[in-house]
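Peer 1: Structure in structure tokens, see below.
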Amino acid sequence: MDEINILLETASNHCQKGDFKQGIHLYAQYIKQNPKNPKAYYQRGKAYFKIKDYNAAISDLNKAMQLVPNDAHLTGERGLIYFMAKKENKAMADFDKAVELESENPFRYASRAFIKDRIGDLEGAKTDYQKALELDPEDAISYNNLGLVLDKMGYRKKAEDHFEKAADIDPKNFGMSKSKESSQSEVPEEKPDLPPLPDIGGEEEPSKSANFINTLKELAKSKKERKEFWEFVKSKFTV
């Protein structure tokens, strides 16, 4: 492995250990030598996000998106950062765009539904959760979260039906008593491993850039991305 790739891997290792400031410092060194690698901007943006420097995180996601335009995963990630930065209109625009880019991906609807719930658009949240479940009928999280939305809307019996369905699919993490006691969306306890990213070194070659795009697309279609999103949700929005 050459020196520049070692620098990128070392930066990633620091972030995985929670040393985000050192990771950011190393990513900056890497980017000086290789300013056309979207992976580096994306990972540094995630590190900035972890330390709540949302403006810097958005800037890095913007740079990654300039190199990899119209990517649903990056768009959704930026939308979440916008939401945390209290820029709700921009957040919703990104979640809408992510749905447009991947209209058959249930996660796109479920994540947008959660944000709609948070901003008080219960009808919109209900519609999106229903679409997510149409695409993935075995998604216990969406059943549970839709139940919570329905409960807020006054549909108690329908809400209980959805809680029961969530418990049937995932009895370990969901159940009637647990769901009804919570005023926030519940999420599974299991924390996912971060998915592998492709090795990229030197100037970004077309084939390697394509590999990065394919990796993001696979990530967006997998349940690992869902779990990462919901783990973040749990850490920030539940008590």
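Peer 1: Please note which helices (runs of 4 or more DSSP H) are completely contained in the stretch 1-57 and include at least 2 residues that are surrounded by fewer than 13 Cβ atoms within 10 Å (Cβ to Cβ).
Peer 2: Numbers: elements: 3-16, 20-33, 38-50.
Because the criterion is at least 2 residues that are surrounded by fewer than 13 Cβ atoms within 10 Å (Cβ to Cβ), the helices (runs of 4 or more DSSP H) in the stretch 1-57 that meet it are 3-16, 20-33.
Condition check ((1) touching a Lys or Arg at 6+ places or on another chain (Cβ under 7 Å); (2) modelled with pLDDT of 95 or more) across all residues:
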site: R118; (1), (2): no, no
site: G124; (1), (2): yes, yes
site: L135; (1), (2): no, yes
site: K178; (1), (2): no, no
site: S182; (1), (2): no, no
site: L194; (1), (2): no, no
site: E205; (1), (2): no, no
site: E228; (1), (2): no, no
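Peer 1: Still on this structure: How many residues are within 17 Å of K90 (Cα to Cα) and among the aromatic types (F, W, Y) when one looks only at the stretch 31-77?
Peer 2: Counting residues in the stretch 31-77 that are within 17 Å of K90 (Cα to Cα) and among the aromatic types (F, W, Y) gives 2.
Peer 1: Condition test on Y82, is it under 30 Å from Y143 (Cα atoms) and not assigned by TED's automatic domain parsing to the domain that holds I6? Give the derivation first.
Peer 2: Details: under 30 Å from Y143 (Cα atoms): yes; not assigned by TED's automatic domain parsing to the domain that holds I6: no.
Against the criterion (under 30 Å from Y143 (Cα atoms) and not assigned by TED's automatic domain parsing to the domain that holds I6), Y82 does not qualify.
Peer 1: Being touching a residue at least 40 places away in the same chain (Cβ under 8 Å), in a helix (DSSP H, G or I) and among the acidic types (D, E) is true for just one of D128, D96, D161, D117. Which residue is that? Even if it seems obvious, please write down each step before you answer.
Peer 2: Values: D128 fails: touching a residue at least 40 places away in the same chain (Cβ under 8 Å); D96 fails: touching a residue at least 40 places away in the same chain (Cβ under 8 Å); D161 fails: touching a residue at least 40 places away in the same chain (Cβ under 8 Å).
Step by step, each of D128, D96, D161, D117 is checked, and only D117 is touching a residue at least 40 places away in the same chain (Cβ under 8 Å), in a helix (DSSP H, G or I) and among the acidic types (D, E).
Peer 1: Please state which one of A57, A72 is in contact with a Lys or Arg (Cβ under 7 Å, 6 or more places away or on another chain), outside the structural domain of D170 (by TED's automatic domain parsing) and closer than 30 Å to K17 by Cβ. First the steps, then the outcome.
Peer 2: Working: A57 fails: in contact with a Lys or Arg (Cβ under 7 Å, 6 or more places away or on another chain).
None of the others qualify; the one that does is A72.
The values are calculated or read from the model by the stated rules, or taken from the named source; none is laboratory data. What you see is a predicted model; the values in this text were computed from it and never measured. Glycine gets a Cβ as well: all are built from the backbone with ideal geometry, and neighbour counts include every protein chain shown.
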